[in-house]
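Have a look at the structure below before the remarks.
The values are calculated or read from the model by the stated rules, or taken from the named source; none is laboratory data. Not measured: the values here are computed from a predicted model. So basically every Cβ, Gly included, is an ideal-geometry build from the backbone, and we count neighbours across all protein chains shown.
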Amino acid sequence: MLRQPDESWGEWARRLHRNDTVRAIVTIVGLAIFIYILPQWSLFSPIFRITQLTNLAGLAIIAIGLNLLTGYNGQISLGHSGIALAGAYAMGIAITIGIAGVELHPILAVLFAGAVGAAIGILIGIPALRLTGPYLAIATLALAIAMPIILKWNQISDVTGGATGIQLGINSLPPEFLEDFVGGTPEEQAARWRYYVVAFPALIMGIIAWNLTRTRIGRAWVAIRDSEVGAQQMGINVGFYKTLAFSISSAYAAIGGALITYSNLSFISPESFTLLDSIAYLTAIVVGGLATVPGAALGAAFITFQEEIIDWTLADEWTFAIGSHMLFAIPSPLSYIFGLIQNEWRWEPWPNPEPAGNIQDLRLPIYGLILILVMTFMPYGFWGFFKRIAGWRPWKEYGRYRESGSAGAYFDQRLRQPVLDRLGRNRGTWSAQTPVSPDPPLRPEEEP
Amino acid sequence: MSVLVDRISQRAQLFKPTEVISWLALAFGPLLLLSVAVLAEDDWDLYSQQVAAGLATGSLYAIIALALVLIYRSTDIVNFGQGEMAMICTFFAWSFLTRMDLVFAIPLTLFVAFMMGAIIEIVVIRRVENAPVLNAVIVTLGLFVIFNGMARWIYGPIPRPFPTPFDEGNVDIGSITVAWHSVGVFATALCVSLLLFLFFQKTKLGLAVRATAQNPVAARLVGVRVNRMLTLGWGMSSMVGALAGMLVAHILQLDFNFMLTVLIFAFAAAVLGGLDSPAGAILGGLLIGVVENLAGALEFYDIGQIKTVVAFLAIVTVLVIRPSGLLGRHGARRV
C-alpha cells in the first residue's frame, strides 16, 4: 500500500487506483463531499459559496463540451456563447410559451434545449468542414455576435420577448420528498437545490464525455485532429465525425446554458451570454489543459474563482477566513506598494490630472499576467502540470512531446505504449493491436 | 537564399482569370443584392450617403485589419491584443500631445509603438512560439486584458477627444457630405497597404519576413535571422496598429474600450480578405463597412435592426466558398 522507493507518485497513485477497495473508498468519499459536504456543511458553504459552485458546474458543462470539439477534434469555436444562449432561450420558451401548445416540464425543457443545441451544431458543423484555424474562429464568432442580435429582432420578439427577454418564474425548491434531505433555511434550501440541479448533470455529462473520448468516436476525433488525411486513410468518415463533434459539443453548450439560466437567473435576456463568455470558455479549456476532461473542469474553477482571489490579493487587508468564521486580518503589502506607485511614484502624463482609476482596475492586468505565466510555464495547462508533478510521466518524456505541437499527443502517449501479452510479445499499442495469433502450446516443463 | 526566392516567387504569380472572376462575384454579389434592395426605394441620395458612410467606417476596419495581417504574415499568430496595444499607444500619443505638436507626437508615438511591439515579442511571445497554437492565442488574450486594465488604471475611465492630422471640416462630393478625416483615413489605409505590399514583395527584408512565417527552419538554414524577423514583424504591426488607433480615436473618442467593436470587425475584415494579404484586408474592411451600412438602410422585415448579422452572414458565405478568404493564397496550415 505504501509508496515504493523506485515508484513515482503517479505510479503509486495508479497502483492504488487498481485496488478495488481503495477505489470504492475514494468514490464514496468523493460522492460524500460532492453531495453532502460542499453544499450542506455550513462551515464551508454560506449561500454565496453554493451559488459560486453552481455557476462553476454550469461553466464546467460548457467547457467540457467545448473541449470535445477544440481539444479532441481540433476545431476552434468562439460561438459557444451563442449556442448556450440559444439553449437558454429554447428552455425558456418551452417552459413559458410551450412547444406546440404544450408547456414542458423543466427537465424535459432542458433536454429540449440540448436537442436544439445539437441541431444548431449540425447546421454550423457542415459549413465548418471547409474551414480551419482563424477562419473557423471568425465564422463561429459570427454566431456569438449574431445570436443576441437575432433574439432582439422585432420580427420574432413575440416569441423571444425582444430586448427584455423572458421571465421564467421558476421556483427552485426541491420536491417534497427531498425537503428533509436538503434542509436549511428556505434561502439555503433553494440555493442547495439549485446546486444539485446543476451539479448532478455536470457530473453525469463529465463522465459521459470522459467515456466518449475512449470509444471509437473519441479515437476518431483524435485521429482527425492529428492528421485528417491519415484518418481518412484509415477509413474514418471525416465529415461525419467532425459534424458529430460539433453537434455533441453544441448540445453540451446548450444544456449548460439552460442549466445556468435555470439555476441562477430568473430571467433570460439576449445579453446573458456574450462573446466574452465564449472567450472565457476557450480560456478555461486551454488553461485547464486541452483535450482533458478534468482539465476543463479545473479551468472552469479557475475562471470562477480568479476574480475573488485577485480581489483578495488587492484588498487593503488580507483576511483569512473559513466560512463565516473570520480568523484574522493583516494589512496587505501589495495594496501598499500599488498605492505608492499610483500616488507617489506615478509619472504624471498630463498637466491637469483628471481622476484616474482605482486599485481595483488592476484586477484585469493581474488576470492577464496569470494567463501569460500559466501558458508560459504550464504549456499543457493545470492538468498537464498536475500530471507532471505527480510523475505520471517523467519530465524527460514530457520534453520529448513538447515539440509535437499538440497537447493531445502528450496525453495520448499512454495509449501508444506497447501492449505485451502473456509471453512478453509486443502486440502493438492499445488502440491498434496486432492480430493475435494463437499462442503456442506450453511445453510440459513450463506448466506452473 | 536563392532557392527560397525561387520558391516564393513561384507562389507570388498573378491570379488566374477564373479565380479573379470567382472572387469578384463573391465580393460584389452581396453588395449588388443589397444595392438593388436599397435602390428599390428609389432614393439615390440615401443610397450614396450610405455607401459613403460605409466606406468611411470600412476604412477604419481596414487599417486595423492591416496590422492583424502584418502579424499573421510575419509570425503566423492571430493577435487578439492588437486593438488594445493600439489603444494604449493612442493614450501615449495623447500624453505626448500635451507637451508637443501633433506633427512631432505622431512619429514619436509610432517609434514608441514599434519598440513596444518588439519588446512584447522578445519578452512574452517568444516563450510560447514552440507551444501549441492555442497557447499563443491565450497569451495574446492575456495581453488584451493587461493593456485594457492598465489603461483604465493609469488614465481613468473618462473618454477624451483626440485631434486629427487632417482638416476638421467636411467635403461635398456631389450630393453627399464626407468629413475630410474619413477621406484621410481612406487614403492612409490605401497608402499603408501599398507600402506593405511593396515591402513584402519587393525588398529582401520583406522576403525574409515572409520566409520566416512560412517555414522558420528552412529560413534559418538559408541564413535568415528568424528571431529578428519575428521581432520586426511585431514591431511593425504594433506601429500600424498605433497609426490606426490615432485615426480611429478622432471618431470614437479616446477611451480604454474604444477598440473593442472595431477590433471584432477588423478581424472579420482580415479573414474575409485573406489573412495573408494586405490588399485583402483593405478590400474586406471596405466591403464589411458598405454591406453593414446598406443593410442598415433596409426597412422591410426590420432588416436594418440586424445589419450586423447580414454582414457576418455575407462573411461566412464567402468563407464557405473560398475557405482562405477573398485574396488569400493558401489555407491555414495550423489549427
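Scanning the range B:122-148 for residues that are within 7 Å of chain A (Cβ to nearest Cβ), assigned to a helix (DSSP H, G or I) and more than 23 Å from the chain's Cα centre (by Cα) turns up B:ARG127, B:VAL128.
Take the residues in the range A:207-220 that are outside any loop (DSSP other than H, G, I, E, B) and without any contact (Cβ under 8 Å) to a residue 24 or more places away in the chain; name whichever of them is surrounded by the most Cβ atoms within 10 Å (Cβ to Cβ).
Initial filter on the range A:207-220 (outside any loop (DSSP other than H, G, I, E, B)): A:207-212, A:216-220.
Remaining after also requiring without any contact (Cβ under 8 Å) to a residue 24 or more places away in the chain: A:207-208, A:211, A:216, A:220.
Working: A:ILE207: 11, A:ILE208: 14, A:ASN211: 11, A:ARG216: 10, A:ALA220: 23.
Of everything passing the filter in the range A:207-220, A:ALA220 is surrounded by the most Cβ atoms within 10 Å (Cβ to Cβ).
For the range B:80-117, the candidate set comprises residues that are charged (D, E, K, R) and outside any helix (DSSP H, G or I); within that set, the residue that is surrounded by the most Cβ atoms within 10 Å (Cβ to Cβ) is B:ARG99. In the range A:153-162 there is no residue matching the filter, namely being within 22 Å of the chain's Cα centre (by Cα), hydrophobic (A, V, I, L, M, F, W, C) and within 12 Å of another protein chain (Cβ to nearest Cβ). Taking residues in the range B:108-125 that are in contact (Cβ under 8 Å) with a residue 24 or more places away in the chain, and partners anywhere that are assigned to a helix (DSSP H, G or I) and of a type in the set (D, E, K, R), not one pair has Cβ atoms closer than 7 Å while being at least 6 places apart or on different chains. Counting only residues that are out of contact with any Lys or Arg (no Cβ under 7 Å at 6 or more places or on another chain) and at pLDDT 85 or above, the range B:285-306 holds 9 of them.
Table: residues versus (1) at pLDDT below 95; (2) charged (D, E, K, R); (3) over 29 Å from A:VAL374 (Cα atoms).
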| residue | (1), (2), (3) |
| --- | --- |
| A:GLU188 | yes, yes, yes |
| A:ARG219 | yes, yes, no |
| A:GLU228 | yes, yes, yes |
| A:THR243 | no, no, yes |
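The set of residues from the range B:298-316 being within 10 Å of chain A (Cβ to nearest Cβ) and charged (D, E, K, R) comprises B:ASP302, B:LYS307.
Do we find a residue being over 21 Å from B:PHE258 (Cβ atoms), more than 8 Å from chain A (Cβ to nearest Cβ), without any contact (Cβ under 8 Å) to a residue 40 or more places away in the chain and not aliphatic (A, V, I, L, M) anywhere in the range B:158-168? I'd like the intermediate steps shown before the answer.
Filtering the range B:158-168 down to residues over 21 Å from B:PHE258 (Cβ atoms) leaves B:167.
Filter once more, keeping what is more than 8 Å from chain A (Cβ to nearest Cβ): B:167.
Imposing the further condition that a residue be without any contact (Cβ under 8 Å) to a residue 40 or more places away in the chain reduces the set to B:167.
Applying the additional criterion that residues be not aliphatic (A, V, I, L, M) yields B:167.
Yes; the residues of the range B:158-168 include at least one that is over 21 Å from B:PHE258 (Cβ atoms), more than 8 Å from chain A (Cβ to nearest Cβ), without any contact (Cβ under 8 Å) to a residue 40 or more places away in the chain and not aliphatic (A, V, I, L, M).
Filtered by the rule that a residue be small (Gly, Ala, Ser), more than 17 Å from B:MET246 (Cβ to Cβ) and without any contact (Cβ under 8 Å) to a residue 60 or more places away in the chain, the range B:173-229 gives B:GLY206, B:ALA208. The condition of being under 26 Å from A:ARG194 (Cβ atoms) and acidic (Asp, Glu) does not hold for A:GLU228. Residues in the range A:221-253 that are under 16 Å from A:ASN67 (Cβ atoms) and either exposed (fewer than 15 other Cβ atoms within 10 Å of the Cβ) or hydrophobic (A, V, I, L, M, F, W, C) (or both): A:TRP221, A:VAL222, A:ILE224, A:LEU244, A:ALA245, A:PHE246, A:ILE248, A:ALA251, A:ALA253. Within the range A:85-117, the set of residues being under 28 Å from the mean Cα position of the chain (by Cα) and small (Gly, Ala, Ser) comprises A:ALA86, A:GLY87, A:ALA88, A:ALA90, A:GLY92, A:ALA94, A:ALA109, A:ALA113, A:GLY114, A:ALA115, A:GLY117.
Please pick out the residue among B:THR18, B:THR57 that is free of Cβ contacts under 8 Å to residues at least 24 places away in the same chain, away from every other protein chain (no Cβ under 14 Å) and not hydrophobic (A, V, I, L, M, F, W, C).
On the way: B:THR57 fails: free of Cβ contacts under 8 Å to residues at least 24 places away in the same chain.
Of B:THR18, B:THR57, the one residue that is free of Cβ contacts under 8 Å to residues at least 24 places away in the same chain, away from every other protein chain (no Cβ under 14 Å) and not hydrophobic (A, V, I, L, M, F, W, C) is B:THR18.
Taking helices (runs of 4 or more DSSP H) as the structural unit, those lying wholly within the range B:174-280 and holding at least 3 residues that are among the β-branched types (Val, Ile, Thr) correspond to B:180-202, B:226-252, B:260-273. Check whether at least one residue in the range B:317-333 is buried (at least 24 other Cβ atoms within 10 Å of the Cβ), more than 14 Å from every other protein chain (Cβ to nearest Cβ) and among the aliphatic types (A, V, I, L, M), and report yes or no. So far as the range B:317-333 goes, no, none of its residues is buried (at least 24 other Cβ atoms within 10 Å of the Cβ), more than 14 Å from every other protein chain (Cβ to nearest Cβ) and among the aliphatic types (A, V, I, L, M). Consider A:GLN167 carefully, then state whether it is of a type in the set (S, T, N, Q) and in contact with a strand residue (DSSP E or B) (Cβ under 6 Å, 6 or more places away or on another chain). Judged against the criteria, A:GLN167 is a match. You will find that of B:ILE71, B:ILE120, the residue that is β-branched (Val, Ile, Thr) and within 18 Å of B:ASN148 (Cβ to Cβ) is B:ILE120 and no other.
Selection of the range A:180-202 for residues being surrounded by fewer than 17 Cβ atoms within 10 Å (Cβ to Cβ) and without any contact (Cβ under 8 Å) to a residue 60 or more places away in the chain yields A:ASP180, A:PHE181, A:THR185, A:PRO186, A:PHE200.
Mind listing just one residue for me: the one in the range B:290-307 that is in a helix (DSSP H, G or I) and surrounded by fewer than 22 Cβ atoms within 10 Å (Cβ to Cβ) and, of those, nearest to the chain's Cα centre (by Cα)? The selected residue is B:LYS307.
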